[in-house]
Structures are given as structure tokens and as C-alpha cells.
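Student: The structure follows.
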Amino acid sequence: MPRLTVLWFGPLRDARGADSETLETAAATPAGLWEELLPGRPRSGTAVALDDELAAWADPLDGHAQVAFLPPVAGG
Amino acid sequence: MSSFAMSDAAIDAAAWRRRIEDPAAGGVVVFEGLVRNHHRGEAVAGLEYTAYGPLATRQGARIVEEAAKRWNLRAAAAVHRTGRLAVGDMAVWVGVAADHRGEAFEACRYIIDQIKSRVPVWKREWRPDGSVAWVEGVPLES
């Protein structure tokens, strides 16, 4: 299975207990990976990035090394 | 010239101001965002910002570049803090230089508004009693 680095930010970092983790997954999309790692947790308001660029939940993970889950932001 | 940075050190506003100097500019507007001592009626003792560095830098640069083009700015720059900040510390600095004041005000407002919704930054606040809470945010926009 492909190895991926997953980055967690904000409240998600607390929920997961880590800034990042490296794992093997059979998930094909960020949506599938989210369900695998945080089953049942609503992802409303959360964005996703692949290799440091914003992506869609249904984009393929194939060919990417890093996924970031980005809860609502509060900069400024 | 336009630029954007994320910084884990105190913002040197005077140094950033010098970066947007241009003899063709007749108006400069600067916005300084500060840590205030209250949020939604609750006392705040300090803040901690964390960021998704690579994407934050890229998104911020895009925003500054958009403003520079749209308002035909002579110069524009912005910087956003990460790390622990105390009340009164500068969390964000935005500066634009334009030929006339109208473009300068509008462009500065655009940049700070866009930073709030498009730059991946998260904020925790400390209360005087030592408790800590994530500040509710807005969904990140592309």
C-alpha cells in the first residue's frame, strides 16, 4: 500500500494527538482517508491539501506523498 | 514589488514600511492587526498562532499579487505572525503604496480580508484563568 504523510492542524491536531503521521492506506481519495482515520467525524468546514496545494475531497491520492486536513481558519 | 511572509519573530513594522517605499506613490495605507485583550466578551491574556507554512506563504503571496494587479499598486507587502503573542503584539501587518489614496485604502482592505479567509492559520487564546481554547474560524477558501 502507498505510504502517505498526513498533516493535522488546529483542533484536528488535538483530536489526533499529533502534528503529523506517516501511514499506509488503501484509501483512494482524501474523503476515504478521512473516514478511515476519523470515522464518523463530520468534515464540514474542513479543507484538504495534497502536496501543499488545495485539493478536492474526491481527488485521487495516487501520486501524492502528503495530505493535509485543514479545519476552519482564524488568521488575521 | 509585492511580497508576503509568515514570521515566528516579532514584526518589524518600520522595516516592512521601507519595503513598500516608491517615489511614484502618492498614498500609502498600512494596517496593523493587534492582539486585543477581549474576544466575544471574554478576557484574553494572549494568543498562539499556528500555520500550514508552505500553503500559507503561497496563498498570501497570491493575495498580495492579486491586489497589486487589480489596483495597479506601486508596491504591496504583508506579514503574518506565528507563535505565542501577548496583548498588544502585532499579529499581522499589511502595507500598500499606490498613486492615489482610493486604490491604497481599497487594496489594503482587500488584502487583510482575504488573508482571514484564504491563509491557513489557526489561533488559540489564553484566558486570564489559564484556560486555552481554539478560536472558531471560517472554512478555508482557495
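We did not get these values from a lab; they are worked out from the coordinates using the rules stated. Since this is a predicted model, take the numbers as computed values, not measurements. Note that each Cβ is placed from the backbone with ideal geometry, even for glycine, and that neighbours are counted across all protein chains shown.
Student: If we count other beta carbons within 10 Å of each Cβ, what is the order of A:14, B:89, fewest first? Mind showing how you got there, number by number?
Tutor: Details: A:14 11, B:89 16.
Lowest count first: A:14, B:89.
Student: Let me ask something additional. Taking amide hydrogens as modeled 1.01 Å from N in the peptide plane, which residues meet the under 5 Å criterion relative to residue B:45, leaving out close sequence neighbours?
Tutor: B:126, B:127
Student: Let me ask another. Compute the angle between helix B:101-118 and the longest alpha-carbon principal axis of chain B, please, reported from 0 to 90 degrees and rounded to the nearest 10.
Tutor: 40
Student: OK, next. For the protein assembly as shown, what is the Kirkwood estimate of the hydrodynamic radius, computed as the reciprocal of the mean inverse distance between distinct Cα atoms, to one decimal in Å?
Tutor: Hydrodynamic radius (Kirkwood, Cα only) of the protein assembly as shown equals 18.4 Å.
Student: List B:138, B:94 from most exposed to least, where exposure is judged by having the fewest other Cβ atoms within 10 Å. Spell out each step's value before the answer.
Tutor: On the way: B:138 13, B:94 28.
Arranged by neighbour count, lowest to highest, B:138, B:94 become B:138, B:94.
Student: Once phi is turned into θ = phi - 60°, what whole-Hz ³J(HN,Hα) does the Karplus curve with 6.51, -1.76 and 1.60 give for every residue of region B:21-36, x standing for Gly and Pro?
Tutor: Once θ is set to phi - 60°, the couplings for region B:21-36 become 5, 7, x, 7, 8, x, x, 10, 10, 10, 10, 10, x, 10, 6, 9 Hz.
Student: Continuing with this model, one more query. List A:44, B:7, A:20, B:131 from most exposed to least, where exposure is judged by having the fewest other Cβ atoms within 10 Å.
Tutor: On the way: A:44 7, B:7 16, A:20 13, B:131 10.
Fewest to most other Cβ atoms nearby, the residues stand as A:44, B:131, A:20, B:7.
Student: Using Cα atoms only, what is the angle between the long axis of helix B:53-70 and the major principal axis of chain B, expressed in degrees (0 to 90) to the nearest 10?
Tutor: 40
Student: Quick one: Karplus J couplings for region B:9-14, per residue in order, coefficients 6.51, -1.76, 1.60, θ = phi - 60°, nearest Hz, x for Gly and Pro?
Tutor: Those phi angles translate into 10, 3, 7, 8, 4, 5 Hz.
Student: P(r) for chain B: what percent of alpha-carbon pairs falls in each 10 Å bin, starting at zero?
Tutor: 13, 41, 32, 13, 2, 0
Student: Quick one: Debye curve from the C-alpha atoms of chain A, no solvent, what's log10 I(q)/I(0) at q = 0.21, 0.25 Å⁻¹?
Tutor: Scattering profile of chain A, log10 relative to I(0): -0.91, -1.34.
Student: Starting at the first residue of region A:59-76, write each ³J(HN,Hα) from the Karplus equation 6.51 cos²θ - 1.76 cosθ + 1.60 with θ = phi - 60°, in whole Hz, x for Gly and Pro.
Tutor: Once rounded to whole Hz, the list reads 5, x, 6, 3, x, 10, 9, 9, 10, 10, 9, 10, x, x, 9, 9, x, x.
Student: Further question on the same structure: If I take every Cα pair under 8 Å that is 6 or more residues apart in chain A, average their sequence separation and divide by the length, what percent do I get for the relative contact order?
Tutor: Values: 124 pairs, mean separation 28.7, N = 76.
After rounding, I find 38 percent.
Student: Scan around residue B:7 for amide H atoms under 5 Å from its own, H built in the peptide plane at 1.01 Å from N, and keep only partners 5 or more places away or cross-chain.
Tutor: Those qualifying (amide H under 5 Å, at least 5 residues apart or on another chain) are B:80, B:81, B:82.
Student: Given the -39500 (n - 2.57) contribution per DSSP H run of 4+ residues, what per-residue ellipticity at 222 nm results for the protein assembly as shown, rounded to the nearest 500 deg cm²/dmol?
Tutor: Values: 5 runs with 57 residues, N = 218.
So the helix-based figure for the protein assembly as shown works out to -8000 deg cm²/dmol.
Student: Moving on. Positive end of the dipole of region A:21-72, charges at C-beta (+1 Lys, Arg; -1 Asp, Glu), about the Cα centre: which of A:64, A:34, A:45 has its Cα farthest in that direction?
Tutor: Checked the options; the winner is A:45.
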